[in-house]
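*Asks:* Quick one: the structure is below, and I'll ask about it shortly.
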Ligand code: XIL
C-alpha cells in the first residue's frame, strides 16, 4: 500500500466533506474551496472576471479569490472592448492592469483571452484596404500585447474561434476579416509572432462546438483535428487546445466515447487541453428551479467525467462563477431570459445570491474523483508582498 502522504490525507478529508455536504444538515465545517480540490489533483480551476467585479470589492470579489486558482479577463484584453474603442494605434491598458493587479494580489495564474477573435477587432481594422496593412496591424497588435503582458499570462489564446462550418469552406475555417485578407496562414503567422515575443507563454487554439454527438459537432471535431494537424506539420508553434464547452441541457446527445476519442487524438498530437469557458444553458427544462439545477449539474458531470479522465486536461475554467453575472443572461442593460418562462438562466456553480448550487458539487466531485496529473505550471505565482 502506498504511504499516506499529507496531501493524500487531506484529499481524503476533503472527499468526505464533499460527499456529505449536499445532504447533511450539519453546517459545522464549510466545504473546501474548488481551487483546493483542483490543486490536490494538479489542476487549475478558475473563472472569467470583469473589471467591475474586481472594482466592486464585494462578496463576489472575495468569492472569486476564495474559489479560484486561475483567472481569465472576460473582456479586458479584447482589442475592441477593453483596450481600444476609438482610433487606431492607442491601446489603453487600464482595464488589463486592473485584472493583472488582482491576479498578482491573489497569486492567480492568468490565461490570456484572446489575441485574434473575429468579434473582437476594432472597426478601423475591419476597414483596412489591403493585406499588407492587415498583416502589419496584426503583427503590431500582437507584439504590443505580448510584450506588455509577458510574465502576467501563462498562455495566449492566439486565435479564438477559427472555425465556422456554416461558412462552407472544405477546411471548416471561419470566413472573417483575417482569413478573407490573409488566407488560412494568418493563424500560423499569429502563432509565430506570439512565440517570438513571449517564448514562455503556452499557445492555444480556442473554439466551441466539440461537445455533442450531432452531425454538426461531429464535423467540427474533424475540422479542428485537421487544422491542428496542418499546423503541426507546418511547424507552427502550438501547445494547447482550448475547449470552450458551452453546454446545454435539453437532451442533446453526448457520446462519451466520441468525446474521449477526440481528446485522445488531440493529446496524441502532443498537445494538452484547457477547458476554457464551461457553463450550461438550462434550456428545454421544467420551470422548477430544483429540477433545472439538477439537470445543469448532470450536464456538468457528464462532460467532466470524460474531460478529467484525460490527464492532459490541466485547466478547467467556468465562464463566470455565479448566475449574478453570466453572458448567457445578457449584457448590462440588455438582459436575456428563458423564452419559455421569462426566468433568468442558471448556468454557473453559484446562484445570484452566491449560494452553492448542484453544479458546484458536480465540479467539486469531478475534481475530487479525478486522477492526479502533472500541473501546467511547474512554478505557480506566489502571493506578492503587501
Ligand atoms: C463573451 C463575454 O462573456 C461577454 O461579456 C462579451 O460581451 C462577449 O463575449 N466565446 C468567447 C467569449 O470566446 O469571449 C465570449 O464571451 C463567449 C463566447
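Please treat every number below as a calculation from the coordinates, not as lab data. Just so it is clear, the model here is predicted, and its values are computed rather than measured. In this analysis, Cβ positions are derived from the backbone assuming ideal geometry, glycine residues included, and neighbour counts consider all displayed protein chains.
*Asks:* Just rank 154, 379, fewest to most, by other beta-carbon atoms within 10 angstrom.
*Replies:* Details: 154 20, 379 6.
Ranked by crowding around the Cβ, least crowded first: 379, 154.
*Asks:* Using the alpha-carbon atoms, what tilt in degrees (0 to 90, nearest 10) does helix 94-105 show relative to the longest principal axis of the chain?
*Replies:* So the helix axis and the longest Cα principal axis differ by about 40 degrees.
*Asks:* Nearest 10 degrees is fine. How inclined is helix 6-20 to the longest principal axis of the chain, computing both from alpha carbons?
*Replies:* Helix 6-20 and the main axis of the chain meet at about 70 degrees.
*Asks:* Contour minus end-to-end for residue 62 and residue 343, with contour as 0.36 nm per residue of separation and end-to-end as the Cα-Cα distance?
*Replies:* 98.5 nm
*Asks:* Sticking with this one: What percent antiparallel are the DSSP beta bridges of region 53-202, to the nearest 5?
*Replies:* Values: 1 of 8 bridges.
Of those bridges, close to 10 percent are antiparallel.
*Asks:* As a footprinting exposure proxy, order 45, 361, 118 by other Cβ within 10 Å, with the fewest listed first.
*Replies:* Numbers: 45 27, 361 20, 118 17.
Ascending Cβ contact count within 10 Å gives the list 118, 361, 45.
*Asks:* Just want the ordering: 106, 274, from fewest to most Cβ atoms lying within 10 Å of their own Cβ.
*Replies:* On the way: 106 17, 274 29.
Arranged by neighbour count, lowest to highest, 106, 274 become 106, 274.
*Asks:* For the pair residue 301/residue 355, report the inter-label distance in nm, with labels modelled 7 Å from Cα in the Cβ direction.
*Replies:* Each label point lies 7 Å from its Cα, and together they span 2.1 nm.
*Asks:* While we're here: Quick one: which of 230-237, 278-285, 309-316 comes out on top by average Cβ neighbours within 10 Å, and what's the full order, highest first? Before the final figure, lay out the partial values.
*Replies:* Working: 230-237: 14.2, 278-285: 22.9, 309-316: 21.4.
Packing order, densest peptide first, comes out as 278-285, 309-316, 230-237.
*Asks:* If r is the Cβ-Cβ distance from residue 167 to residue 229 and R0 is 22 Å, what FRET efficiency results, to the nearest 0.05? It would help to have the intermediate numbers written out before the result.
*Replies:* Numbers: r = 20 Å, r/R0 = 0.91.
The calculated FRET efficiency here is 0.65.
*Asks:* Highest mean first, how do 91-102, 249-260 rank when packing is the count of other Cβ atoms within 10 Å averaged over residues? The partial results should precede the final answer.
*Replies:* On the way: 91-102: 17.6, 249-260: 14.8.
My ranking of the peptides, most packed first, is 91-102, 249-260.
*Asks:* Would you calculate, for the chain, the mean residue ellipticity at 222 nm contributed by helices, counting each DSSP H stretch of 4 or more residues as -39,500 (n - 2.57) and dividing by all residues, to the nearest 500? Write out the running numbers ahead of the final one.
*Replies:* Values: 13 runs with 150 residues, N = 386.
Only helices count here, giving -12000 deg cm²/dmol.
*Asks:* So, one more: Relative to the longest principal axis of the chain, what angle (0 to 90°, nearest 10) does the C-alpha long axis of helix 358-369 take?
*Replies:* Between helix and principal axis, roughly 90 degrees.
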